[in-house]
1. Among the residues that make up the stretch A:201-211, is at least one of them of a type in the set (A, V, I, L, M, F, W, C), within 21 Å of the chain's Cα centre (by Cα) and under 21 Å from A:ARG91 (Cα atoms)?
2. Considering each residue of the stretch B:186-195, count those that are open to solvent by less than 30 Å² (accessible area, probe 1.4 Å) and touching a residue at least 60 places away in the same chain (Cβ under 8 Å), and give that number.
3. For A:ARG148, state whether it is assigned to a loop (DSSP other than H, G, I, E, B) and either at pLDDT below 90 or open to solvent by 30 Å² or more (accessible area, probe 1.4 Å) (or both).
4. Check off (1) closer than 16 Å to C:TRP110 by Cβ; (2) open to solvent by 10 Å² or more (accessible area, probe 1.4 Å); (3) not aliphatic (A, V, I, L, M) for C:GLU216 and give me the number that stays unchecked.
5. For the stretch A:186-202, what are the residues that are in a loop (DSSP other than H, G, I, E, B) and on the phi < 0 side of the Ramachandran plot?
6. How do the pairs read when you match residues in the stretch C:182-198 that are in the same structural domain as C:ILE115 (by TED's automatic domain parsing) with residues anywhere that are surrounded by fewer than 23 Cβ atoms within 10 Å (Cβ to Cβ) and of a type in the set (Gly, Ala, Ser), using Cβ under 7 Å and keeping only pairs 6 or more apart or on different chains?
7. Restricting attention to the stretch A:84-115, report how many residues are farther than 14 Å from A:ARG183 by Cβ, of a type outside the set (Gly, Ala, Ser) and open to solvent by less than 70 Å² (accessible area, probe 1.4 Å).
Amino acid sequence: MSTSTQGDLAVDATDAQVLLEVDDVVKHFPVRSGALIDRTHAQVRAVDGVSFSLKVGETLGLVGESGCGKSTLARLITALHPVTSGHVRFRGQDITALNRRQMRPIRKSVQMVFQDPYGSLNPRRRVGSILSDPFSVHEKMSRAEVKRQVQELMARVGLSPEHFNRFPSEFSGGQRQRIGIARALALRPDLIVCDEPVSALDVSIQAQIINLLEDLQDEFMLTYVFIAHDLSVVRHVSDRIAVMYLGKLVETGPVEEIYSNSRHPYTASLLSAVPVADQAFRTARRERVILTGDVPSPVNPPSGCRFHPRCPKAQAICATEEPPLEHKTGDPIGHLTACHFPVNPGETLANASRDAVPAPEAAVGATEGVDQ
Amino acid sequence: MSLLRAAVELEVIEEQNPDAKGTEQAYEGRTPWRLAWGRLKKDRVAMVSLGFIVLLFLVAIFAPLLTALIGHGPNTQYTTSGLSLSGIPVAPGHNGFLLGTDDQGRDVLSRIIYGSRISLEVGVGATAVALVLGLVMGLVSGYYGGWIDSILARFMDILLSFPILLFAIAIVARFGPSLDLLIFVIAMFSWPYIGRLVRGQVIALREREFVEAARALGSSDLRIMFIEIAPNLIALAVIYATLLIPINIVTEATLSFLGLGVLPPTASWGNMIAEAQTGDLFTVAWWFLVFPCVALVLTTLAFNLLGDGLRDALDPRHGRSNITPTKRVKRSARSSGREKDNSEGKRA
Amino acid sequence: MISLIIRRLFYLVIVLVIITFLTYVVFFAGNPNDLAARFAGRDAGTAEIRDAAIRLGLNHGFWYQYWHYLDGLLHGNFGLDFQNAVPINSELARAIPVTASLVLGAVVLWLLIGIPIGIMSATHPRTLRDRGGTVFALTFLSMPPFVLGLMFLLVFYFYLTQAGITWFPAAGYVAPSQSIGQWADHLILPWLSLALVQAAVYTRLIRGSLLDVLGEDYIRTARAKGLSRRTVVFKHGVRAALTPVITQLGIDVGTLLAGAFVIERVFGLTGLGQLALNAIGNDDLPVVAAVVVLAAVFIVVMNTIVDILYAVLDPRVRLT
């Protein structure tokens, strides 16, 4: 499966330099317990075979419900967690095989902006000290030089340089996120993974932070992996979108293509949930698709297509055979969908009859039987 | 996209210029320590206790000066002025003995002043050693997890389930009493209190995003432990050190009382009490038994109250700004400390 | 549940091995000649010391000696004391009832004092009664048991006796087989000195945990259902609030035993503490070692029982 995906994406990435390649990456977290010796008796399959690649200067929007593994994926790309299997290549170098010391130069080039502007800044350290970390870890610099760099950084992200002596608690949420961005930016990285950087902020502040990220991208030729559960935010910043469900990519493609011509029922349902203020934006397909049920547990994911218990179009094959992430006829190059019965243009999911489908609950029951 | 941007253009200006009035002023001066000090200052009980403790330290430091002013050395036996003809100690306020004399005609006040040196030396010294050990072990145990944690956590549990006194009896029986040994023994058995609390805190802290951020920057483990995590443990360390000091002072007094700690004639509150108890003389001359007891109890009380106030000030979530609008939810030093680390241990 | 018990018992065995080993090392490791000299007494010549070394088994290797010691312990045999070469077991048999009486009585008393005051404080928060509880707790919390004991001795024994009121007898111990009344009469002041300090801890503990419990949703639901306040507090609240008390009790066994040793010294009771302290005075290491091992085993076993009990009472623990 991975090779075919890889091939498809490679076509897409012929002319520009590929910065990041994620190749069939898997991350399972063990669930342990036992009397004397801990035994692993279950796996949380947080990320289960994800592949994509990213060109220099590009922004990939990674979308999915909470718990779908997108934050874990972010930490695999930044090598904060070791992968269970698969490869992450940065400029062609496999970073999953590197030890701590070999990883150091990569750390300078791959940075991360975190979701929680309150949790990601050490509450007991002054902002100047937090921002000088990148320099003291990686560069030999005099104190004065570090201070100059820190103040320059603060100015660049829109903070008053005189405030370097303050504690994070003396800043507002938006300002703190600016500090987090400044920290990520300090060593002039090539790739920044933004893990829901605005979801904890007020809506008005969200736009400012996004504008800042865009400006910085232009100025420093940054490549972004932009994670969000909010499709409207991702649409605004991304060149391409990847939709994730229970540890797998279900659809990926250029941003406008995904928004105007989504093929996977899950993407379609996510899109229909985005509130649109302006009537002019409403398209013919804008009818709410309401997903039934909760996201199944990643400890014991459904067989076949993982979306089938909640899918309005699911049929018998969906419970048994996993659909590959592949190009569907009629779609432009680079638009890949993992679905046996992709949504056709003009089709309304809300009316999709579930009567024709074997009762999904029964299917779930059957799957669980198989899995155990 | 330009629509979205246009809509917020105005606010961007304000946000990018944080010196603009209004938004910024509310945040100024909100450093963690200043906030805590502000809360502590309002706590009258804690401030009085703090005053008492400062005074006690001054007394201990300037003990020679003070006893010179009083005119009575701590170990001098004033057989003529300090004892009546029938050998009864002089009552408080007579012959220039403010707190009276003991059965050997020594000035009780001078001895209490010198005893404060021992109490603070052992209380603070053992606590300091325990604090350093507890911080390092707790950090290592909590940060690394895995088998290192299993071994260290079990080790701390074992030490905690051991009464210090028992082991002090054992060690003193073998090696004989001395002040250094006393500090060592007390520190050895009190660091796990700190270690366990620190460990619990570190386990929570290491999952925080700022630690991840440090790792994403390529910070070393040592750097993360001591630059990122350790500053977040200071509040906890201050609180529990303050609560550990009185426990250690009492342990010293108890051991000295049993003859396992500081040996006479060096004055310690514990051995003063022991000496007073040996004869029946204290039934007629209560003061040389009661005053060392009072000194010990007041000191313990002051540290406990200060520790309580510090907890409220440094960790307001557990204090009076709790959901229960109690004026002062005052849990005992020992109970809530142990209750907390205990429940942690049970659930870990 | 079973897994938890297995885990605890396994842990218990390991701790016991460590404790006996540490005790053995502290007391008996080192130069065998020194030990033998201690045993042989102050004026012993070289021949006597060598003789003593052989009698103590010191001429064998360290591990052999330790194993020998452990083997003795397993058979409940603590060996002979240095002083009179009598079996330590018989000395322990005399001392244990005294310490046990002291500890048991104190536990009963402290729960009888601590729990009601704690409940009263929690059910009437911020009232005069609560403040009374707080003052009680703070007063006794900062009092080491031996200080409290001495004050009791001074006030209730000496001053009352001097005033001609002989409510409390002189120091000493009367076996309950002789006279239950005398037994209790002799122990009431020691019990109080030991119990009041701990009771102070417990009032705070119960007040805190009961206040927490009473703030829970299910308590409010029970009240809303129309149950009386009394029923809610006693049937639901107190039961939940007692769980931490049981844990605390397990932890306090050690503190308590240590406290009991000190109180024995204050009131001249010839229990384990006095035995150990006298033995230290006589340089009689095996007796001290026996008391230390006995006390440590007792503490660790009690802790294990409490842990298991805690798991029975609080189902959440079983999940871990």
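The values are calculated or read from the model by the stated rules, or taken from the named source; none is laboratory data. What you are looking at is a predicted structure, and each value in this text was computed from that prediction instead of being measured. With ideal geometry, Cβ positions are generated from the backbone for all residues, glycine too; neighbour counts draw on all protein chains shown. For accessibility, only protein heavy atoms count, side chains too; no ligands or nucleic acids. Shrake-Rupley method; radii C 1.70, N 1.55, O 1.52, S 1.80 Å.
1. No, there is no match, as no residue in the stretch A:201-211 is of a type in the set (A, V, I, L, M, F, W, C), within 21 Å of the chain's Cα centre (by Cα) and under 21 Å from A:ARG91 (Cα atoms).
2. 6
3. In short, no.
4. Result: C:GLU216 passes all but (1).
5. Result: A:ALA186, A:LEU187, A:PRO189, A:ASP190, A:PRO197, A:VAL198, A:SER199, A:ALA200, A:LEU201, A:ASP202.
6. Between residues of the stretch C:182-198 that are in the same structural domain as C:ILE115 (by TED's automatic domain parsing) and residues that are surrounded by fewer than 23 Cβ atoms within 10 Å (Cβ to Cβ) and of a type in the set (Gly, Ala, Ser), the close pairs are C:TRP183/C:ALA175; C:HIS186/C:GLY172; C:LEU187/C:GLY105; C:TRP191/C:GLY105.
7. The first filter runs over the stretch A:84-115 and keeps only residues farther than 14 Å from A:ARG183 by Cβ, leaving A:84-106, A:109, A:115.
Those still in the list that are of a type outside the set (Gly, Ala, Ser) too: A:84, A:87-91, A:93-96, A:98-106, A:115.
Right, trim to open to solvent by less than 70 Å² (accessible area, probe 1.4 Å) and you get A:88-90, A:94-96, A:98, A:103, A:106, A:115.
Selection size over the stretch A:84-115: 10.
Matching residues to (1) modelled with pLDDT under 80; (2) within 32 Å of the chain's Cα centre (by Cα); (3) hydroxyl-bearing (Ser, Thr, Tyr):
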site	(1), (2), (3)
B:LEU50	no, yes, no
B:LEU58	no, yes, no
B:LEU66	no, yes, no
B:SER84	yes, no, yes
B:ALA91	yes, no, no
B:LEU98	yes, yes, no
B:ASP103	yes, no, no
B:ASP107	no, yes, no
B:ILE113	no, yes, no
